[in-house]
Amino acid sequence: MKILVFDTCLDKMYVTLAEDDKILASEIVENKDNKYHSAFLISTIKNILKSNNLTPKDIGAIGTNVGPGSFTGIRACTTVARIMAQQLNIQAVGVSSLEVLAKIFPDKKNPAVALDARKNCAYLYIDNEIKGAVQIEEVKEKLKEKEYTLITDDKLQQILGGTSYQQSQYPLGDILAKLAYEKLQHNKCNWQDVKPLYIQPPPMG
């Protein structure tokens, strides 16, 4: 089964094509000319399908990052995933960006992810569970409980340490594709169930 996955929630856009758990192609797009990278999602999907001699009808399932992350990016990729899956009558599955980032270092134990949630909070993923938006001081205390491999962003790295995912080109699209495939193996994934993961409400205005 060919699976198309995409992510516009984080600081770069990832579009990846897979055959089951084998990666066929992957593209990364950054913000260009004051345009947020999600503006290039549809064109990038078209390009990756065309370069692999495929049409949308060849896709058997859709996977997308559902957040947390950029509110604009979350809306963009979840909307496109739902529309494509509905029109093609195929399965769709959502994966949290926290789950994706936790797989950056597969050989290291006890991954933990903390991303800036503003208001002195972090989106926290620890012990294989999304904890929500947690106060920074509480995050510090939780990280003392055992030896964690901490993945964070540039802002929180200055406060919590660990490794910022923003400082290297990690294969996040490939990780998303493999996680989507795993979820598709164990669940019946309907496009209606793909919903934005807004741990905190979107900003007003």
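The values are calculated or read from the model by the stated rules, or taken from the named source; none is laboratory data. Just so it is clear, the model here is predicted, and its values are computed rather than measured. As a convention, Cβ positions derive from the backbone with ideal geometry for all residues, glycine included, and neighbour counts pool all protein chains shown. The accessibility values were calculated without ligands, DNA or RNA, using every heavy atom of the protein model including side chains. Shrake-Rupley method; radii C 1.70, N 1.55, O 1.52, S 1.80 Å.
With Cα extents along the principal axes in Å defined as stated, name the option among [x] 55, 30, 25; [y] 95, 29, 24; [z] 50, 38, 30 computed from the structure displayed. Checking each listed value against the structure points to [z]. Screening the chain for DSSP H helices whose Cα atoms reach 27 Å or more along their own axis and whose mean Kyte hydropathy is at least -0.5 gives nothing. Here the 3J(HN,Hα) profile of region 15-21, calculated from phi with Karplus coefficients 6.51, -1.76 and 1.60 at θ = phi - 60°, is 10, 9, 10, 9, 10, 6, 9 Hz, Gly and Pro shown as x.
Calculated FRET efficiency, Gln169 to Leu54, Cβ-Cβ distance, R0 = 25 Å: about 0.50 to the nearest 0.05.
Note on region 58-166: Rg/Rh from C-alpha atoms, Kirkwood Rh, equals 1.05.
What accessible area per residue, rounded to a whole number of Å², is obtained for region 31-116 using a probe radius of 1.4 Å? Could you put the intermediate results ahead of the total?
On the way: 4180 Å² over 86 residues.
Heavy-atom accessible area per residue stands at 49 Å².
How much of the accessible area of region 93-197, probe 1.4 Å, is carbon plus sulfur, in whole percent? Here carbon and sulfur together make up 42 percent of the probe-accessible area.
Amide H to amide H, with H built 1.01 Å from N, Val95 comes under 5 Å of Thr64, Asn65, Val66, counting only residues 5 or more places away or on other chains.
Of the residues Asn53, Thr163, Tyr148, the one whose Cα sits farthest toward the positive end of the charge dipole of the chain, with +1 on the Cβ of Lys and Arg and -1 on the Cβ of Asp and Glu, is Asn53. The accessible area of Asp20, taken with all protein chains in place and a 1.4 Å probe, comes to roughly 50 Å².
Please list, by residue number, every one of the GluC sites (Glu not before Pro) in region 116-166 that is coil in DSSP and has at most 16 other beta-carbon atoms within 10 Å. All intermediate terms of the calculation are to be shown ahead of the outcome.
On the way: sites: Glu129, Glu137, Glu138, Glu141, Glu145, Glu147; in loops: Glu145, Glu147.
For GluC sites (Glu not before Pro) across region 116-166 that sit outside H, G, I, E and B with at most 16 neighbouring Cβ atoms in 10 Å, the list reads Glu145, Glu147.
Given +1 at the Cβ of Lys and Arg, -1 at the Cβ of Asp and Glu and no other charges, the dipole of region 48-165 around its Cα centre is 320 debye to the nearest 20. Each stretch of four or more DSSP H residues adds -39500 (n - 2.57); spread over every residue of the chain, this sum gives -9500 deg cm²/dmol at 222 nm.
Put simply, the Cα atoms of region 3-83 extend 31, 24, 21 Å along their principal axes, the longest span coming first.
How many percent of DSSP beta bridges within the chain run antiparallel, rounded to 5?
Values: 25 of 41 bridges.
DSSP beta bridges in the chain are roughly 60 percent antiparallel.
Placing a pseudo-label 7 Å from each Cα along the Cα-to-Cβ vector at Ile23 and Glu141 gives an inter-label distance of 3.9 nm.
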